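Novice: Sharing a structure with you now.
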Amino acid sequence: MERLPSDVRIGDYVLVGGLHHKIVDMRAGAGHRHKVLIFSTGAVWTMDSPRMVYRPIVEGGHG
């Protein structure tokens, strides 16, 4: 689903450069429409527009 930077969560996967990157941490970016994402690879990327985000289905939970 396409999501805004304010809607992404730790554990989501973001499509960047044709690859899915798992978010393991995040920080506020410059302004309320930006989010600095830290991926499982250690790469850091600033999300500043809506992107395709994949959220794992959690069995037995509400996530």
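The values are calculated or read from the model by the stated rules, or taken from the named source; none is laboratory data. Model, not experiment: these values are computed from the prediction. Glycine gets a Cβ as well: all are built from the backbone with ideal geometry, and neighbour counts include every protein chain shown. Ligands, DNA and RNA are stripped out before the accessible areas are found, and what is left, the full protein with its side chains, is counted by its heavy atoms. Shrake-Rupley method; radii C 1.70, N 1.55, O 1.52, S 1.80 Å.
Novice: Taking K and R as +1 and D and E as -1, what net charge do the other residues with C-beta under 10 Å from the C-beta of Phe39 add up to? The partial results should precede the final answer.
Specialist: On the way: positive: Lys22; negative: Asp25.
With Lys, Arg at +1 and Asp, Glu at -1, the neighbours total 0.
Novice: Find which of Pro56, His34, Tyr13 sits farthest along the positive direction of the dipole of the chain, computed with +1 on the beta-carbon of Lys and Arg, -1 on that of Asp and Glu, about the Cα centre.
Specialist: His34
Novice: While we're on this one: Ignoring any ligand, DNA or RNA, what whole percent of the accessible area of the chain comes from carbon and sulfur when the probe is 1.4 angstrom?
Specialist: Working: 2440 of 4330 Å².
It is 56 percent, rounded to a whole number.
Novice: Among residues other than Tyr54 whose Cβ falls under 15 Å from its Cβ, what is the net charge (Lys/Arg +1, Asp/Glu -1)?
Specialist: Residues near Tyr54 contribute +2 overall.
Novice: How many nm separate the modelled label positions at Val16 and Ile57, each set 7 Å beyond the Cα in the direction of the Cβ?
Specialist: Here the modelled spin labels are 2.7 nm apart.
Novice: Using only the Cα atoms of the chain, build the gyration tensor, take square roots of its eigenvalues as a ≥ b ≥ c, and label the shape rounded, prolate or oblate: rounded if a/c is under 1.5, else prolate if a/b is larger than b/c, else oblate.
Specialist: Cα axes put the chain in the prolate bin.
Novice: Given 0.36 nm per residue, what is the gain on full extension from Glu2 to Arg27 after removing their alpha carbon distance, in nm? Can you show the working numbers first?
Specialist: Numbers: separation 25, 0.36 × 25 = 9.00 nm, distance 1.98 nm.
Working it through step by step, the gained length comes to 7.0 nm.
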